[in-house]
Amino acid sequence: MRDLGGTVYLAPEVRSDPNKKFDAIVNGLMMEFKNVGGNENTLIAHFLKSRSQAPNVFINLETSNLTRDEVMGALYSARNSVTRTDPYGNVIKGYAENNKFSGGRVVLKLREHDSLIYLNVNDLKARI
């Protein structure tokens, strides 16, 4: 993000502070960084985890083979996920159980795309 003109201050690791979970302050916003190289399930897991760490997340997908449409579908699925039990009896927490913030942004860096993609987390919510 710095290379694209952002002002980035890395947050120090303070083990004695259980409330500090984000990685940096970027342009004045608390930001979590995630590098995702896997499939849609990996992206969903990283996005949901980020919602307990900071209201804003930068997801670097430069090593992923996911297309833009697959990324958007996975984020939409994650944002609208509900807690469920898988066939093995494991409880899979949904968005509401992972989320600790209102609003926020998702910034995406996709492979073979020169510019970043900026999304509003609330714009990913299904309208009923």
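The values are calculated or read from the model by the stated rules, or taken from the named source; none is laboratory data. This one's a predicted model, so the numbers in the text were calculated from it and none came from an experiment. Using ideal geometry, Cβ is built from the backbone for each residue, glycine included, and neighbour counts are taken over all protein chains shown.
Residue under question is residue 123, and the condition is that it be crowded, with 17+ Cβ neighbours inside 10 Å and out of contact with any helix residue (DSSP H, G or I) (no Cβ under 7 Å at 6 or more places or on another chain); does it hold? So residue 123 does not fit the description; no.
Number of residues in the stretch 110-124 that are over 20 Å from residue 22 (Cβ atoms) and part of a strand (DSSP E or B): the value is 2.
Residues checked against (1) surrounded by 14 or more Cβ atoms within 10 Å (Cβ to Cβ); (2) at pLDDT below 95; (3) touching an Asp or Glu at 6+ places or on another chain (Cβ under 7 Å); (4) among the acidic types (Asp, Glu):
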site: 61; (1), (2), (3), (4): yes, no, no, no
site: 66; (1), (2), (3), (4): yes, no, yes, no
site: 69; (1), (2), (3), (4): no, no, no, yes
site: 78; (1), (2), (3), (4): yes, no, no, no
site: 82; (1), (2), (3), (4): no, no, no, no
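Checking each residue in the stretch 56-77 for being part of a loop (DSSP other than H, G, I, E, B) and either within 17 Å of residue 33 (Cα to Cα) or touching a Ser or Thr at 6+ places or on another chain (Cβ under 6 Å) (or both) picks out 62, 63, 64.
Within the stretch 87-109, which residues are part of a loop (DSSP other than H, G, I, E, B), surrounded by 10 or more Cβ atoms within 10 Å (Cβ to Cβ) and on the phi < 0 side of the Ramachandran plot? Within the stretch 87-109, 93, 94, 99, 100, 101 qualify. With the requirement that a residue be over 17 Å from residue 49 (Cβ atoms), of a type outside the set (Gly, Ala, Ser) and either surrounded by 15 or more Cβ atoms within 10 Å (Cβ to Cβ) or modelled with pLDDT under 80 (or both), what does the stretch 14-38 give you? Scanning the stretch 14-38 gives 14, 15, 17, 25, 26, 29. Within the bounds of the stretch 39-55, is there any residue that is assigned to a strand (DSSP E or B), exposed (fewer than 15 other Cβ atoms within 10 Å of the Cβ) and either of a type outside the set (Val, Ile, Thr) or at negative phi (or both)? Scanning the stretch 39-55 turns up no residue that is assigned to a strand (DSSP E or B), exposed (fewer than 15 other Cβ atoms within 10 Å of the Cβ) and either of a type outside the set (Val, Ile, Thr) or at negative phi (or both). Would you say residue 113 is modelled with pLDDT of 95 or more and not hydrophobic (A, V, I, L, M, F, W, C)? Here the answer is no, as residue 113 does not meet what is asked.
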